[in-house]
Amino acid sequence: MEAINANEGDFAFVLSLSGKMVKSSSSKAELRKAYFILSSKVHPDKNANSAESKKAFQTVLESFERLANPEKFEEHEEEDDDDGKPAKKRKKTERFKRGNGGCYPTKINCPRCKNVWNTRDLGLEDAAYNFLMQGVKQYLCGGCFLKFGCMTALHTCPHCRKPFEYDPDDYHRKITCGNAKCNREFGFWMFNVSERREREIRREVKEENEKIAKTRAQQRRRGARADKRIGTMSNEDRVQEQLFILRLLDNCPRCGWLLERGMDKDDAREHLKNCNDQKQIKAYRAEQAAKKAKENSRKKAVVSTQSTGTSAVFWSNFLPSNRLHSL
């Protein structure tokens, strides 16, 4: 902690004290790893809330924020005073313009089938690369039809051809992949796209997310209603009812009603829906319990008889016949 506090302001050096060498051009994923390692060691909760640990933790946090989100702390030339406060964050709807010097349309692979994701092979516009890498939209794989986004996709360094971890905050930065012996910086290509098209994509994504949220809410409500209907039913009872619906059981597991020949799944489902006579259900369960108890008694009697017979045969090899009859 002394080394951290002594080097406050040297952001890359502070995070490198985690044992993982980082620099200002490291990807956000690499910076995050270093931050987690270091913060877990200097956290005040693990150091009796000492003043030194609190200061060290704040220094580590500031170092991560400064390197991972430099745009928040950019100084404005028109301002005379430097108060160290973060600059006003750019709105998500505000268009960002930059050049493509030192940038590449990096290779992206599907996380499931490992196929290369290519906009032209899939009939997509070139700007789909922008939307994917910025975390705006998810796309389908042309091989396995998995829908994935930039955080789950597999990314490859354009220099060493090795995989690296990507974060959408890195899209407008020049980073290094963090692999051994690869220190060359690179950026991510930004294809030209009209403001109108960008608004359309964002609107489509918003509508799609709202539709998904609505569907999930409906599923939760249906699940809640189903749980209310099921009540205290055991998993075995639920399985029996499903087998009855599939016509693998002839009798209703609740009341014993017989599913006659010619009836289908809808008849079984309709019967279960209206099978609420608690008196009949209780009587049928008592009947089934009595049958089960009787069957268990019969099995025990059979086992006892077999055991006695086996014992008699065993002792017949050693005892005289008069002694055997006494057993």
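At a glance:
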{"item": "Lysines with Cα under 29 Å of Lys300, excluding same-chain neighbours fewer than 8 positions away", "result": "Lys282, Lys291, Lys292"}
{"item": "Dipole magnitude of the stretch 207-288 about its Cα centre (Cβ charges: Lys, Arg +1; Asp, Glu -1), debye to nearest 20", "result": "400"}
{"item": "Accessible area per residue in Å² at 1.4 Å probe, computed on the stretch 133-264", "result": "67"}
{"item": "Per residue, in Å², the accessible surface of the stretch 1-63 once ligands and nucleic acids are set aside, probe 1.4 Å", "result": "52"}
{"item": "Environment charge of Glu165, counting only residues whose C-beta is closer than 15 Å and scoring Lys/Arg +1, Asp/Glu -1", "result": "+3"}
{"item": "Linear extension gain, Ile281 paired with Ala3, 0.36 nm per residue minus alpha-carbon span", "result": "92.7 nm"}
{"item": "Whole-percent carbon and sulfur share, accessible surface of the stretch 1-48, 1.4 Å", "result": "54"}
{"item": "Within the accessible area of the stretch 87-178 (1.4 Å probe), percent carbon and sulfur", "result": "50"}
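The values are calculated or read from the model by the stated rules, or taken from the named source; none is laboratory data. Only a predicted model underlies this, so the values are computations on that prediction, with no experimental measurement involved. Virtual Cβ from ideal backbone geometry, glycine too; neighbours counted across all protein chains shown. What goes into the accessible areas is simple: the full protein's heavy atoms, side chains included, and nothing from ligands, DNA or RNA. Shrake-Rupley method; radii C 1.70, N 1.55, O 1.52, S 1.80 Å.
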